[in-house]
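Remarks on the structure that follows.
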Amino acid sequence: MENNNRRGFMGKAFGAVAAVGAVGSLVAMKKTWDPLPSVKAAGFTTLDMSIYAEGVMVTEKWRGKPIFVLKKSERLMAQEKGNAAAEARNIKIGNDNFMVAIGLCTHLGCIPAFRKDEGNFLCACHGGMFDASGLVLKVPPPRGFDIPPFKIEGNKLVLGEVGPEWQAMKDNGVTL
Amino acid sequence: MAHFTKATSVKDWLNQRLAIEKVEKVMASEYWIPKNINFLWAMGMILVVTFVLLLVSGIFLLMYYVPTVDEAFDSVNYTIMREVDFGWLWRHVHGVAASVVFLIIYIHMFTGIYYGSYKKGREMIWISGMLLFVAFSAEAFSGYMLPWGQMSYWAGMVITNLFSGGSLHANFLVEWIRGDYVPAQAFLGRFFMLHVLLIPVAIMGLIGLHFAALRIPHVNNQDGGEIDFDVESKKYLDGDKAGSKVMRFANDFMSKDMMVVGIFLIFFFYLVFYNYGFAMDAVNFDPADGLKTPTHIYPEWYFLWSYEILRPFNIDLGLVLFGFAQVIFVFLPFIDRSPNSIPANRRGTAFKVWFWLMLSNMIVLTAMGKLPPEGMFSAIGLVSAILFIVQWLALPIITSMEKKV
């Protein structure tokens, strides 16, 4: 009986040591899979917004993701007049209005193609559609394009840095 | 120390140390198989052979494959395909086997469902089998990343995005799985590890479990009849081979098994040499490009049915139903409330219709998953996906109303 008590104690003592070790190694394993510091540090892109032509969709790159940049034409601006959801997504630089968004379908991350004639985006993966402001026209995407964190510096746009305009969009639920 | 005597032969020497005769009896000559079976009972052996083909071809590919984003594509498409003598053979064997193994798995699965081989003590065979299906799916997916072509990249993007959980927006989880904002070096490195080490080890362990689960309930038979293996094997050993309902695993059953394997291998190598194209998606011969989505992204054919359940719905409902479809098969032994463990066609109209409808609906889902999600195809896909879910929800009801046969 006394021996069994000792064995029981040894078993519990080993269990305690093993549990500490298991938790420690799980932490190490989790951290080993985290994005590396070099990956995180490369997360900023600066765009010169004066070079874009009206109505031409240009794809830039930020954190390995495509960024759609569309300088809105007057026709587009007239079309979306009164549409508060669309207007809230415009980024104003000087007198120009831009749609700047992460060019990945919010469904599962395919890149929708811009259809110049229709002036909208169609995703080939699951048939989702977005308008020129990045709002959903056809499901499955659950929400419009996400807008990357940005900061306006003169006529430059820094992606990856949080500026007041982006913070306002986030607070108002315009983007995630 | 145990007592050892001077060995009279090599066999005796081994016998004293490893009990090889005993092992041979337990594993083969006195492992009993019902006589009342057909060629569908050979699918297990075909799967073992295909797994070995995958392992051997994989070993040779591994010697030249380079798991970096800059070199992976060329190491497969240039080094292995053009420079290495017979490199093309290993690649085509590996690619074709990865595709065909799922065909056989599905046949194996539906054979099990048809003959009720997941019931009456055979539940663990079914569950371990479904775990193997999950492990094979993970193995297939991780392997598909390695050539680092357009389909590799975009399949990786889409599948890892599933882990954001729709409206939960768990992007931190997605970035953790990738080790980056998008699939890149960290992603390729870890999926390479998973493909060549962790998942294969898990598969081998699960195969052991699957076989072990078979020992006590034994293999099912064509009528689902209960066989007293002790009585029948005694009859066989006492000389009444014709009267016994069972036969030896080896060499009796194995000889027929290997006959079917032989036919399978002829079909398999016909595909490898003359028709390997179906296993090599043309889009994946373009190197990965994070700024260009291919016009149609679809998984390999064996994932299409579940992909089609994801597709017609909004993201949250789609994910829930997709998750349902992934796990529901595992629970089949408990959802099927009927006491009958006999072939589906003899269990009454309701289950008979259920079985054939499930089989044909999964074929329809597979076909729709391959087609672009437009017009008519969208509609058929939606109806099929709903039918799939409804069928599973109805199964406990129709099986509990089933009459005991």
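The values are calculated or read from the model by the stated rules, or taken from the named source; none is laboratory data. The shown structure was predicted, so the numbers you read here are calculated from the model rather than taken from an experiment. With ideal geometry, Cβ positions are generated from the backbone for all residues, glycine too; neighbour counts draw on all protein chains shown. Accessible surface is based on the protein model in full, side chains and every heavy atom, while ligands, DNA and RNA are left aside. Shrake-Rupley method; radii C 1.70, N 1.55, O 1.52, S 1.80 Å.
For B:Leu103 and B:Val134 in one chain, what is 0.36 nm times their gap in residues minus the Cα-Cα distance, to one decimal in nm?
In short, 9.7 nm is gained.
Where nothing but the Cβ of Lys and Arg (+1) and of Asp and Glu (-1) is charged, how large is the charge dipole of the protein assembly as shown around its Cα centre, in debye to the nearest 20? Walk me through the numbers on the way to the answer.
Numbers: 51 positive and 48 negative charges, 308 e Å.
I would put it at about 1480 debye.
Which of rounded, prolate, oblate describes region B:7-59, given a ≥ b ≥ c as roots of the alpha-carbon gyration tensor eigenvalues and a/c under 1.5 marking rounded, otherwise prolate only if a/b is larger than b/c?
oblate
At q = 0.21 Å⁻¹, work out log10 I(q)/I(0) for region B:301-405 with the Debye formula, treating every Cα as an identical point scatterer and leaving solvent out; two decimals please.
-1.05
Expressed as an acute angle from 0 to 90° and rounded to the nearest 10, what is the orientation of the C-alpha long axis of helix A:2-32 relative to the principal long axis of chain A?
For A:2-32 against chain A, the angle is about 20 degrees.
With +1 on each Lys and Arg Cβ and -1 on each Asp and Glu Cβ, and nothing else charged, work out how big the dipole of region B:33-110 is about its Cα centre, in Debye to the nearest 20.
Once rounded to the nearest 20, the dipole reads 520 debye.
Let me know the shape class of the protein assembly as shown, please: from the alpha-carbon gyration tensor, a ≥ b ≥ c as square roots of the eigenvalues, rounded when a/c is under 1.5, otherwise prolate if a/b is greater than b/c, or oblate.
In terms of gyration-tensor shape, prolate.
Say R0 is 56 Å: what FRET efficiency, to the nearest 0.05, do B:Arg82 and B:Leu237 get from their beta-carbon distance?
Values: r = 58 Å, r/R0 = 1.03.
Computed FRET efficiency for B:Arg82 and B:Leu237 comes out at 0.45.
Quick one: if the Förster radius is 22 Å, what FRET efficiency do B:Asn314 and B:Lys292 give, using the C-beta to C-beta distance and rounding to 0.05?
Computed FRET efficiency for B:Asn314 and B:Lys292 comes out at 0.25.
For labels at B:Arg337 and B:Tyr274 in the simple 7 Å Cα→Cβ model, what's the distance in nm?
5.2
Distance between Cα centroids, region B:228-275 to region B:305-374: provide it in whole Å.
Each part reduced to its Cα centre gives a spacing of 31 Å.
So which residue, out of B:Leu47, B:Leu214, B:Leu237, gets the largest mean-square fluctuation from a GNM of chain B using Cα contacts under 10 Å as springs?
For chain B, modelled as a Gaussian network with Cα springs under 10 Å, the answer is B:Leu237.
State the percentage of accessible surface on chain B attributable to carbon and sulfur atoms; use a 1.4 Å probe and exclude ligands, DNA and RNA.
70
Order B:120-131, B:386-397 from most to least packed using the mean count of other Cβ atoms within 10 Å. Could the numbers behind the result be given before it?
Numbers: B:120-131: 19.4, B:386-397: 15.2.
My ranking of the peptides, most packed first, is B:120-131, B:386-397.
Need one value for B:285-294: mean number of C-beta atoms belonging to other chains within 10 Å of its residues' C-beta atoms.
Counting Cβ atoms of other protein chains within 10 Å of each residue's Cβ and averaging gives 4.
Kindly compute the accessible surface that chains B and A hide from a 1.4 Å probe when together, both sides summed, and give it to the nearest 100 Å².
Buried surface at the B/A interface: approximately 2600 Å².
Quick check for you: with a 1.4 Å probe and neighbouring chains kept, what is the accessible area per residue of the protein assembly as shown, in Å²?
Averaged over the residues of the protein assembly as shown, the accessible area is 50 Å².
Placing unit charges on C-beta atoms (Lys and Arg positive, Asp and Glu negative, everything else neutral), compute the dipole magnitude of region A:1-77 about its Cα centre in debye, rounded to 20.
With Lys and Arg at +1 and Asp and Glu at -1, about 320 debye.
Within 10 Å of each Cβ of B:115-127, how many other protein chain Cβ atoms are there on average?
Taking the mean over all residues of the peptide, I get 0.
Take each of the peptides B:171-179, B:193-201, average the number of other beta-carbon atoms within 10 Å over its residues, and list them starting from the highest.
B:171-179, B:193-201
Between beta-carbons, use under 13 Å as the cut-off and find the net charge around B:Trp126, counting Lys and Arg +1, Asp and Glu -1.
+1
Most mobile of B:Gln185, B:Gln16, B:Gln326 per a Gaussian network model of chain B (Cα springs, under 10 Å)?
Taking springs between Cα atoms under 10 Å, the residue moving most is B:Gln16.
Provide a whole-number value for the mean count of partner chain Cβ atoms within 10 Å of the Cβ atoms in peptide B:171-184.
So the per-residue partner count for this stretch is 4.
Viscosity 0.692 mPa s, temperature 37 °C: what is the translational diffusion coefficient of chain B from Stokes-Einstein with a Kirkwood Rh over Cα pairs, rounded to a whole number of µm²/s?
The Stokes-Einstein estimate is 138 µm²/s.
Describe numerically, in nm with one decimal, the distance between label points set 7 Å from Cα along Cα→Cβ at B:Ala2 and at B:Val283.
5.9
How large, in percent, is the carbon and sulfur part of the accessible surface of chain A at a probe radius of 1.4 Å?
58
At a 1.4 Å probe, which residues in region A:116-130 are at least 20 Å² less accessible with all protein chains present than in their chain isolated?
A:Ala124, A:Cys125, A:His126
Using a 10 angstrom cutoff on alpha carbons, build the Gaussian network for chain A and name the most mobile of A:Asn83, A:Asn95, A:Asn155.
Ranking A:Asn83, A:Asn95, A:Asn155 by mean-square fluctuation puts A:Asn95 first.
Using only helices, what value at 222 nm comes out for chain B when you add -39,500 (n - 2.57) per DSSP H run of length 4 or more and divide by the total residues, to the nearest 500 deg cm²/dmol?
Value at 222 nm, helices only, nearest 500: -19000 deg cm²/dmol.
When only C-alpha pairs under 8 Å and at least 6 residues apart count, what is the relative contact order of chain B, in percent? Intermediate results must be reported in sequence, preceding the final value.
Numbers: 454 pairs, mean separation 94.2, N = 405.
Dividing the mean separation by the residue count of chain B yields 23 percent.
Quick one: grab the alpha carbon gyration tensor of region B:249-369, order the square roots of its eigenvalues as a ≥ b ≥ c, and give me rounded if a/c is under 1.5, else prolate or oblate depending on whether a/b is larger than b/c.
Verdict is oblate for region B:249-369.
Would you mind calculating the relative contact order of chain A from Cα pairs under 8 angstrom and at least 6 residues apart, reporting the percent as a whole number?
17
Kindly rank B:244-254, B:86-96, B:304-314 from highest to lowest mean number of other beta carbons found within 10 Å of each residue.
Numbers: B:244-254: 18.4, B:86-96: 19.9, B:304-314: 22.9.
Ranked from most to least packed, the peptides come out as B:304-314, B:86-96, B:244-254.
If N is the number of residues in region B:1-129, what value comes out of its Cα radius of gyration divided by 2.2 N^0.38 Å?
Dividing the Cα Rg of region B:1-129 by 2.2 N^0.38 Å gives 1.58.
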